[in-house]
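> I am attaching a structure below and will ask some questions about it afterwards.
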There are 2 protein chains.
Amino acid sequence: MTKRKLVVIGGDAAGMSAASKVRRMQNEWEIVVFERGQYASYAACGMPYYIAGMVKSADQLIARKPEEFREKQNIDLRILHEVVEIDSDKKRVRVRNLKKESEFWESYDDLLIATGASPVRPEVAGIDSKGIFGLSSLQSGLDVFEYMRDHRLKNAVIVGGGYIGIEMAEALLERNLKVTMLDMAPEVMTTMDPDMGKLISKYMREIGVDLYLNEKLDHFEFKMGKVTGIVTDKRTLDANLVILGIGTRPNTSLALKAGIALGAKDAIRINKKMETSVANIWAAGDCAESFHLVSKQQVNIALGTVANKHGLIAGENISGGSGEFPGVVGTAITKIKDLEISRTGLNEKELKDLCIPYKTSTIISSTLPGYYPGAAEISVKLLIEKTSGRLLGGQIVGKHGAAKRIDTLATAITARMTARDFAFLDLSYAPPFSPVWDPLQIAARTFL
Amino acid sequence: MTKRKLVVIGGDAAGMSAASKVRRMQNEWEIVVFERGQYASYAACGMPYYIAGMVKSADQLIARKPEEFREKQNIDLRILHEVVEIDSDKKRVRVRNLKKESEFWESYDDLLIATGASPVRPEVAGIDSKGIFGLSSLQSGLDVFEYMRDHRLKNAVIVGGGYIGIEMAEALLERNLKVTMLDMAPEVMTTMDPDMGKLISKYMREIGVDLYLNEKLDHFEFKMGKVTGIVTDKRTLDANLVILGIGTRPNTSLALKAGIALGAKDAIRINKKMETSVANIWAAGDCAESFHLVSKQQVNIALGTVANKHGLIAGENISGGSGEFPGVVGTAITKIKDLEISRTGLNEKELKDLCIPYKTSTIISSTLPGYYPGAAEISVKLLIEKTSGRLLGGQIVGKHGAAKRIDTLATAITARMTARDFAFLDLSYAPPFSPVWDPLQIAARTFL
C-alpha cells in the first residue's frame with residue numbers, strides 16, 4: 001500500500017485508539033489528529049472520582065499526553081484545533097486553530113470522525129446560569145471541581161438518576177454537600193426495570209440523598225448569573241450546584257452538514273467496518289451507531305468500552321485490514337457507595353417495545369456462602385425468550401462483589417445461550433469467591 | 001408414571017441435589033438416602049476456613065440437617081448407614097447400620113451412586129500415624145480442628161501444592177503454625193502452567209511458607225503413634241501435623257464389584273443423562289466421569305459445583321425428564337491470603353498431550369484503572385488454537401478482584417469463541433470495577 005494520510009477528528013478514546021492502531025499497522029502513513037479541547041486521551045469516566053477527591057490529581061486521568069503521541073508514535077495530535085467543515089469532494093477539512101483564531105484546510109486520504117457526544121442541556125429558563133454543569137469532557141469535570149473550590153456550596157441538585165447522576169451523587173456526598181436528585185421516572189436508573197430500580201432508589205435515600213421521583217424540571221432560578229434554585233412541577237429546591245445527568249447527544253452536526261447519513265439517535269450511520277455513507281470517511285465512538293446483538297437494531301451507546309473497540313476496528317480497516325465490529329449487548333455497570341449495579345441485554349420495556357415475548361425470574365441470593373465473612377446480598381433478575389428459553393437480558397443490584405458477574409451473562413447472551421445452557425456453565429467456585437451455585441445460575445435454574 | 005422408589009448412596013452435594021430434584025418432580029415417590037458419615041449436605045470446601053477460625057461454628061457449614069430433609073421434603077435420609085453391596089439383578093442394596101452394627105437389604109427401582117471421592121494416601125511408612133490428615137468429608141475437617149485444639153502443635157507440613165494444599169497453608173498460617181509445603185513439581189499449582197505457578201510459589205514464600213519444590217515424600221517419622229517428622233528424598237522436616245493434598249480418588253469399589261463400568265481415573269462411566277452401564281443405576285458427583293468440552297475426553301473432576309449440577313441432571317432424568325449434562329471446561333479458583341488464582345480450559349501440558357497446536361499470550365495489567373484506589377496487579381495467560389484462533393484455556397494470578405474474571409472466559413470457551421470474538425465482547429466497565437479494556441480482553445487483543 002502506498003503512503004496515505006489519515007485525519008482524525010477528536011482525540012479521545014475512539015480517535016486515539018484508531019490512530020494508534022493505524023500507526024502499528026502502517027509505519028509510513030501520515031496521521032493527524034485534531035482535538036478541539038485542551039486534553040486528549042483521558043479517562044472521562046474517572047471524573048466523578050476526581051470530583052469526589054478519591055483521585056488526587058487530574059493528571060492521573062490523562063492516559064497519554066499529546067507530546068507522547070507525537071514522540072513515541074509519530075502521531076501529529078493537535079489540541080485546541082476544531083474541525084468546522086468537511087469537504088468530502090476535495091477530501092479536505094477546514095480547521096480552526098482556537099488559540100490563534102486562524103483557519104486552514106487540511107487534506108486527507110481517509111477521515112475518521114470521532115467527535116464524541118455532549119450532555120443534553122434542556123432548553124429551560126436559567127439554563128445558562130453559572131453552576132450548572134453537564135459532564136462529558138475532562139474539561140467539564142475540571143470546571144465542576146473548580147467551581148466547588150471557588151464557591152462555598154451547600155446544596156447540589158442532580159437532574160437525572162442515570163449513571164452520571166448516581167456517580168455524581170456519591171461524589172458530592174463525599175464532598176459533604178446536601179445532595180438532592182430529581183428524576184421524571186418512578187425510580188432511578190431507568191435502564192433497569194422499575195422493580196430493580198426501586199432497590200437503588202431505596203438505598204439512595206438510606207445514604208442521605210433527597211430523592212424526588214416522578215418529578216419534572218421546569219426551570220432554574222439564578223442571582224447575579226449564578227444558579228440559586230431549581231423549580232420543578234411540584235416545588236422549588238435550593239441549588240447552588242446543578243449536575244445535568246439526562247443523557248448525551250452524539251456530536252454529529254459536522255457530519256450532517258457534510259451530507260453523511262445519520263441513524264439511531266442522530267448518530268452517524270456506520271456499517272460493521274465503521275464506514276459511513278461517504279467514501280473514505282469513517283466514524284467511531286460516541287458519535288456513531290452500534291448494532292445491538294439482541295434487539296438486532298442500530299443503537300447509539302456512549303461508553304468508553306465501545307469507543308475503544310470502535311476505534312480499534314476502524315484502525316484495522318483504515319489500514320487495509322478487514323475487521324468487523326460484532327456489536328453490543330448493552331452492558332453497563334456502576335456503583336453508589338456500597339451498592340453495585342449492572343445490566344446487560346434488554347429490559348422489560350425494551351422487550352415490550354420490540355414485541356418479544358419473555359419470561360422473568362428474580363432471585364435474592366448471596367455473593368458468597370453464608371458462612372464466609374463478607375457474604376453480601378445480591379438481587380438478580382433474568383429475562384429469557386418465552387419460546388426458546390434464550391437469554392435476553394439481566395440486571396444485578398447488590399453489595400460488594402455482586403455487579404461484575406454481569407460479564408458472564410453478557411458473554412452468554414452474545415453466544416445466544418439459553419437459561420439451561422447458562423445454568424450448567426462450568427463457573428468457578430470457592431468460598432472466598434462464590435456460593436456453589438453462582439447467583440446468576442440460581443436465577444437461570446428457576447426457569448428449568 | 002407409577003410410584004417408584006429411589007435409593008441414593010451418599011448424602012452430600014450430588015446425592016442430595018438429585019434427591020431434592022426428584023422430590024420436586026415426583027411428589028409420591030419413596031426416596032431413601034444412605035450416608036455412611038455423620039453429616040450430610042455440607043460445604044466441604046468451607047473446611048479450610050473453619051480450621052483457620054474464620055467460620056465460627058462447624059454447624060454453619062451444614063446446609064441442611066437430616067431432620068429437615070425428612071420433615072420438609074419427605075426424603076428418608078439415614079446417616080451412619082453404609083451401603084456395602086449392590087445387587088443389580090434383584091435391584092437391591094445391602095446396607096450396614098454403623099451404629100447398631102446390623103445389616104439389611106433395601107430394594108430400589110432406581111439407584112443413584114453418589115459416593116464421592118477420598119484423598120489419596122500414599123503407601124509409605126508411618127502413613128497411619130496420628131496427625132496425618134487428608135481433607136474431604138466434613139468429619140476430616142473436624143478431626144484436624146480437634147487435633148490442633150488438643151495438641152500443642154508447632155510445625156505443619158503440607159504434602160502437595162494444589163487447591164487443598166494452598167488453602168490449608170493459609171488456614172494454618174492463620175493459626176500461627178510454622179507452615180512447610182512439599183511438592184514434587186518445579187512449582188506449586190500444577191493445574192497452572194509453570195510460568196504462572198512460579199508467581200504463586202514466589203508469593204507463598206513471601207508470606208512465610210517454607211516451600212520445598214522438586215522434592216518427594218519418602219516416609220513419615222513417628223513417636224508413640226503420632227507423626228513427628230517427614231522424610232523427603234533430600235531432607236528430614238519436623239512435623240507434628242501433616243495435611244495430604246495430593247489429589248483424590250473416586251470412591252468406586254462398590255460400583256466395580258457390582259460390575260458397573262469404570263472410566264477415567266476409575267470414576268464411574270456415565271453418559272450425558274448420568275446413566276451407568278447397568279440399567280436403573282445412575283451416578284453423579286465426585287465418583288463419576290464428566291465430559292471435557294475442550295479436550296473432548298472423559299475426565300473426573302471432584303468439585304462441588306460439578307457435583308451439584310450432576311445431581312440436578314440425574315434427578316431430572318430419574319424423574320422421567322430428559323436433561324443432559326453438557327460437560328465441564330475445567331474451571332477452578334482459589335486464593336491464598338491476598339493472592340487470587342484461577343484457571344479454565346486446558347493448560348500447555350494438557351494441549352501438548354493432546355497434540356493440539358496452540359499459541360499463548362501473557363500480559364500483566366491492573367484490576368482497575370491505575371488512578372482508582374485499590375487497583376491491583378493481575379497476570380493473565382491465554383491459550384488459543386493455532387489454526388482457528390479459538391480459545392482453549394486461560395489462567396489468572398493477581399490480587400483483589402482478579403480471579404473471578406475467569407468465569408467470562410469459561411463461558412466464552414464453552415461457546416467456542418475465538419480470541420477475536422472475546423476481545424470485542426461487550427463487557428462491563430466503570431472505574432470501580434475494571435479498566436476500560438478488561439485484562440482478559442487485553443490478553444485476547446494481543447493475538448489480533
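The values are calculated or read from the model by the stated rules, or taken from the named source; none is laboratory data. A quick note: this is a predicted structure, and the numbers were derived from the prediction, not measured. Note that we place each Cβ from the backbone using ideal geometry, even for glycine, and neighbour counts take in every protein chain shown. For the accessible areas, the whole protein counts, side chains as well, though only heavy atoms, and no ligand, DNA or RNA atoms are used. Shrake-Rupley method; radii C 1.70, N 1.55, O 1.52, S 1.80 Å.
> Suppose we filter B:Y212, B:Y203 for residues that are open to solvent by less than 30 Å² (accessible area, probe 1.4 Å) and of a type in the set (F, W, Y); which single one remains?
Testing whether each residue is open to solvent by less than 30 Å² (accessible area, probe 1.4 Å) and of a type in the set (F, W, Y) leaves just B:Y203.
> Follow-up question, since we're still on this one. Check B:A264, B:A284 and return the single one that is at pLDDT below 95 and either more than 30 Å from B:L173 (Cβ to Cβ) or not assigned by TED's automatic domain parsing to the domain that holds B:I166 (or both).
After applying the criteria, what remains is B:A264.
> Just wondering, is there one or more residues in region B:382-390 that are within 22 Å of the chain's Cα centre (by Cα) and not assigned by TED's automatic domain parsing to the domain that holds B:M204?
Scanning region B:382-390 turns up no residue that is within 22 Å of the chain's Cα centre (by Cα) and not assigned by TED's automatic domain parsing to the domain that holds B:M204.
> With respect to the numbered conditions (1) open to solvent by 10 Å² or more (accessible area, probe 1.4 Å); (2) within 13 Å of chain A (Cβ to nearest Cβ); (3) in a helix (DSSP H, G or I), which one is the sole condition not fulfilled by B:K349?
(2)
> Let me ask something additional. Among A:G327, A:G374, which is of a type outside the set (S, T, Y) and within 26 Å of A:S290 (Cα to Cα)?
A:G327
> While we're on this one: From B:E187, B:E101, grab the single residue that is out of contact with any Lys or Arg (no Cβ under 9 Å at 6 or more places or on another chain) and of a type outside the set (F, W, Y).
After applying the criteria, what remains is B:E101.
> Mind checking which residues of region A:1-21 are in contact (Cβ under 8 Å) with a residue 12 or more places away in the chain, among the polar types (S, T, N, Q) and open to solvent by 20 Å² or more (accessible area, probe 1.4 Å)?
Within region A:1-21, A:S17 is the sole residue that qualifies.
> Which numbered condition trips up B:M417, out of (1) open to solvent by 10 Å² or more (accessible area, probe 1.4 Å); (2) more than 31 Å from the chain's Cα centre (by Cα)?
Condition not satisfied by B:M417: (2).
> Consider region B:62-77. How many of its residues are surrounded by 20 or more Cβ atoms within 10 Å (Cβ to Cβ) and out of contact with any Leu (no Cβ under 6 Å at 6 or more places or on another chain)?
The total comes to 2.
> If you don't mind, another one. Under the condition of being more than 21 Å from A:A314 (Cβ to Cβ) and small (G, A, S), which residue from region A:229-272 is surrounded by the fewest Cβ atoms within 10 Å (Cβ to Cβ)?
Out of the qualifying residues, it is A:G247.
> Within region A:179-200, can you find the residues that are among the charged types (D, E, K, R) and either assigned to a helix (DSSP H, G or I) or surrounded by fewer than 18 Cβ atoms within 10 Å (Cβ to Cβ) (or both)?
Within region A:179-200, A:D195, A:K198 meet the criteria.
> I would also like to ask the following. Filter region B:81-118 down to the residues that are assigned to a loop (DSSP other than H, G, I, E, B) and open to solvent by 40 Å² or more (accessible area, probe 1.4 Å), then identify the one that is nearest to B:G134 (Cα to Cα).
B:L98
> Right, something else. Within region B:379-401, identify whether any single residue is surrounded by 24 or more Cβ atoms within 10 Å (Cβ to Cβ), within 12 Å of chain A (Cβ to nearest Cβ) and hydrophobic (A, V, I, L, M, F, W, C), and answer yes or no.
yes
> Quick check, is B:R24 of a type outside the set (F, W, Y), in a strand (DSSP E or B) and surrounded by fewer than 18 Cβ atoms within 10 Å (Cβ to Cβ)?
In short, no.
> Might you let me know whether region B:437-445 holds any residue that is buried (at least 21 other Cβ atoms within 10 Å of the Cβ) and of a type in the set (D, E)?
yes
> Just checking: which of the strands (runs of 3 or more DSSP E) contained wholly in region B:275-345 hold 1 or more residues that are open to solvent by 20 Å² or more (accessible area, probe 1.4 Å) and within 12 Å of chain A (Cβ to nearest Cβ)?
B:332-336
> Looking at B:L427, B:L440, B:L409 in this structure, which one is within 15 Å of A:D407 (Cβ to Cβ), among the aliphatic types (A, V, I, L, M) and more than 28 Å from the chain's Cα centre (by Cα)?
Among B:L427, B:L440, B:L409, only B:L427 is within 15 Å of A:D407 (Cβ to Cβ), among the aliphatic types (A, V, I, L, M) and more than 28 Å from the chain's Cα centre (by Cα).
> Determine whether region A:160-169 contains at least one residue that is of a type in the set (F, W, Y), closer than 12 Å to A:L241 by Cα, outside the structural domain of A:L351 (by TED's automatic domain parsing) and touching a residue at least 60 places away in the same chain (Cβ under 8 Å).
no
> Could you identify the single residue in B:F447, B:F433 that is more than 8 Å from every other protein chain (Cβ to nearest Cβ), in a loop (DSSP other than H, G, I, E, B), at pLDDT 95 or above and closer than 26 Å to A:S290 by Cα?
B:F447
> Also, quick follow-up: Mind checking which residues of region B:402-430 are aliphatic (A, V, I, L, M) and either touching a residue at least 24 places away in the same chain (Cβ under 8 Å) or more than 8 Å from chain A (Cβ to nearest Cβ) (or both)?
Of everything in region B:402-430, those that are aliphatic (A, V, I, L, M) and either touching a residue at least 24 places away in the same chain (Cβ under 8 Å) or more than 8 Å from chain A (Cβ to nearest Cβ) (or both) turn out to be B:A402, B:A403, B:I406, B:L409, B:A410, B:I413, B:M417, B:A419, B:A423.
> If you don't mind, there's one more thing I want to ask. Being in contact (Cβ under 8 Å) with a residue 40 or more places away in the chain and under 23 Å from the mean Cα position of the chain (by Cα) is the requirement here; does B:G315 meet it?
Taking the combined requirement at face value, the residue satisfies it.
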